[in-house]
Amino acid sequence: MPKEPIEIKIDEGEVLNYLEEYASKVKNLKPILRQVSHVMLEDIDENFETEGANQGQKWQDWSDNWRERRKKLGRGSGRIMQLEGELRESFTRKVDADSAVVGTNKEYAAIHNFGGDVKKRRAKGKRGRTGTFKMPQRRFVAWTDSLKVKVTTEIVYELKKLDYKKGIK
């Protein structure tokens with residue numbers, strides 16, 4: 001499992017070109033990028049809220065083993081991937097003069113977001129089989145067409161606000 005955090009980075013040509021076009025006119029892009037990072041955080045939160053349905057791919061339900069384990073923990077029903085809510089709440093943003101990055105430092109985030117093979121752990125002091133199991137992809141961080149539209153709309157809105165404010169002065 002990768003130990004690097006997962007992140008959304010704006011690396012889309014048309015969005016970057018649009019920003020570059022206005023960068024010469026706007027002295028400080030940081031306020032706009034702060035709003036962009038907010039839009040990205042909202043998108044991630046919406047993915048958790050809808051369990052992926054807003055992206056058109058509802059997350060796979062729990063395995064029977066996990067459903068049983070949740071019952072033993074006294075957590076019979078609830079949202080997928082939100083046993084304690086730590087992953088959903090762990091997302092932060094970093095904004096500087098020319099970038100907006102949203103990510104988490106939770107090591108297990110990537111395997112949930114991308115899916116893949118997970119090595120089974122044996123409980124301390126217990127015997128049992130080890131091996132791997134397939135973690136289904138439950139994507140919550142993605143640079144989707146929908147997010148591109150939201151980010152581009154936010155950029156245009158923020159730039160129009162700046163143009164409006166300049167017109168008043």
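Read the figures in this text as sums done on the coordinates, not as results from a lab. Just so it is clear, the structure is predicted and the values come from calculations on it, not from any experiment. Note: ideal-geometry Cβ built from the backbone for every residue, glycine included; neighbour counts use all protein chains shown.
Details
- Note on segment 31-169: along the principal axes its Cα atoms extend 74, 26, 25 Å, ordered by decreasing extent.
- Residue ranges 32-39, 52-59, 67-74 sort as 32-39, 52-59, 67-74 when ordered by packing (mean number of other C-beta atoms within 10 Å per residue, highest first).
- Difference of contour (0.36 nm per residue) and Cα-Cα distance, residue 156 to residue 90: 20.9 nm
- Electrostatic tally near residue 95: other residues with Cβ closer than 10 Å to its Cβ, Lys and Arg +1, Asp and Glu -1, net +2.
- For residue 115, the residues whose modelled amide H falls within less than 5 Å of its own, excluding neighbours fewer than 5 places apart on the same chain, are 138.
- Descending semi-axes in Å of segment 50-95, equivalent ellipsoid built from Cα gyration tensor: 24, 16, 7
- Among 139-147, 152-160, the order from most to least packed when residues are scored by Cβ within 10 Å on average: 139-147, 152-160
- Distance in nm between pseudo-label sites at residue 17 and residue 64 (7 Å out along the Cβ direction from Cα): 5.4 nm
- In this rough spin-label picture, where each label sits 7 Å from Cα along the Cβ direction, the residue 118-residue 42 distance is 3.1 nm.
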